[in-house]
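The values are calculated or read from the model by the stated rules, or taken from the named source; none is laboratory data. These figures come from a predicted structure and were not determined experimentally. Positions of Cβ are generated from backbone atoms using ideal geometry, with glycine treated the same way; all protein chains shown enter the neighbour counts. Calculation scope for accessible area: heavy atoms of the full protein, side chains included, ligands and nucleic acids excluded. Shrake-Rupley method; radii C 1.70, N 1.55, O 1.52, S 1.80 Å.
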Amino acid sequence: MNLNGKSVVVTGGNTGIGAAIVRALAASGAAVVIDYVSRPEDAADLVKTITASGGRAVGVEADVSSVAGIDKLIQTAVDEFGQLDAFVNNAGIEKRHSLLEVDEQTFDQVMAVDLKSAVFGTQRAAKRFIEQGRGGIVVNISSVHEDWPMPGNLSYCVAKGGMRMLTRAAGVELGPQGVRVVNVAPGAVDTPINAQTMKDDSLRQTLEDSIPLRKVAEPNQIGEVVAFVISDAGSYLTATTVFVDGGIMHGSVGL
Ligand code: BGC
């Protein structure tokens, strides 16, 4: 993938799928702003690895559940790399509970980190793209659960379902201005968000048995698809979702 000269922000870029996206983009030549809220050492390590191999990256602490945090990231991209070409709304949390169990505070937290951040990330990036006059790309990292109900995972499913409609609505609104908005929807991936399932052998087995490809994804299998979506090879994708799930949605259960 050729992303030479592109400047990209990745929210929650220091860990899990975010870190894999950062690696894939940098390997394709993009300059990357790596957002984090905790573990600054992980962002620093990524920056070190990328710069050591001749790439460009900078770590920034910013909470994307506030618009001020999002603006800080975009400003950094402009100050450091001269422009913004793509914005990846990757930051997310997952708290397991059913509809009958969920409390107001937990629901608000999940919605703020998983959905509000994506709405305003899309808005602020789009404003910048329009100002620059050269179009741009927003990639929203949703989940198979943007479409697939998962018992016991209510707030997460509601947030991801919201992201599905955000991408369609924003893609339609912004298409005429050359701004693409695309969801990349992973299935089960071996990341910290899934640590509980991954360290329990029987849960992991049940999960893998329900995946047609019989394997939980490695984070780089998602990162590479994001690089494709941002590149010219993905230039006709907008207002839609690319599922990267090993077929899990058509398997049996989500875990
Ligand atoms: C969730 C995981 C779950 C997977 C498949 C992901 O979006 O983060 O917890 O295992 O979907 O159900």
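Summary of computed values
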quantity	calculated
Residues that are more than 11 Å from the ligand (Cβ to nearest atom), in a helix (DSSP H, G or I) and without any contact (Cβ under 8 Å) to a residue 60 or more places away in the chain, drawn from the stretch 130-162	Ile130, Glu131, Gln132, Leu154, Val158, Gly161, Gly162
Subset of the stretch 194-221 (residues that are part of a loop (DSSP other than H, G, I, E, B), open to solvent by less than 70 Å² (accessible area, probe 1.4 Å) and not small (Gly, Ala, Ser))	Asp200, Ile211, Val216
Pairs, first closer than 19 Å to Lys160 by Cα in the stretch 227-250, second more than 16 Å from the ligand (Cβ to nearest atom) and part of a helix (DSSP H, G or I), C-beta under 6 Å, six or more apart	Thr238/Gly171; Thr238/Gly175; Ala239/Arg168; Ala239/Gly171; Ala239/Val172
Residue within the stretch 163-171 that is more than 14 Å from the ligand (Cβ to nearest atom), open to solvent by 40 Å² or more (accessible area, probe 1.4 Å), basic (Lys, Arg) and more than 19 Å from Ile93 (Cβ to Cβ) present	yes
Candidates Val60, Val8, Val22 - the one that is under 23 Å from Ile193 (Cβ atoms), outside any helix (DSSP H, G or I) and open to solvent by less than 10 Å² (accessible area, probe 1.4 Å)	Val8
Count of the stretch 63-105 residues which are open to solvent by 30 Å² or more (accessible area, probe 1.4 Å) and either under 22 Å from Met150 (Cα atoms) or not in a helix (DSSP H, G or I) (or both)	17
Per-region count, the stretch 186-221, residues under 29 Å from Ala30 (Cα atoms), in contact with a helix residue (DSSP H, G or I) (Cβ under 8 Å, 6 or more places away or on another chain) and within 13 Å of the ligand (Cβ to nearest atom)	10
Every residue from the stretch 222-254 that is open to solvent by 40 Å² or more (accessible area, probe 1.4 Å), in a helix (DSSP H, G or I) and more than 14 Å from the ligand (Cβ to nearest atom)	Glu224, Phe228, Asp232, Ala233
Of the criteria (1) under 22 Å from Ile17 (Cβ atoms); (2) open to solvent by less than 60 Å² (accessible area, probe 1.4 Å); (3) more than 13 Å from the ligand (Cβ to nearest atom), which one Gly175 fails	(1)
Matching entry among Ala126, Ala68, Ala112, Ala118 (being at negative phi, within 16 Å of the ligand (Cβ to nearest atom) and of a type in the set (A, V, I, L, M, F, W, C))	Ala118
Scan of the stretch 25-57 for residues that are within 19 Å of Asn2 (Cβ to Cβ), in contact with a Ser or Thr (Cβ under 9 Å, 6 or more places away or on another chain) and open to solvent by 30 Å² or more (accessible area, probe 1.4 Å), ordered by number	Ala27, Arg56
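Here's the yes/no breakdown for (1) open to solvent by less than 30 Å² (accessible area, probe 1.4 Å); (2) within 14 Å of the chain's Cα centre (by Cα); (3) under 28 Å from Met249 (Cα atoms):
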site	(1), (2), (3)
Ala118	yes, yes, yes
Gly121	yes, yes, yes
Arg124	no, no, no
Arg134	no, no, no
Met150	yes, no, yes
Ala159	yes, yes, yes
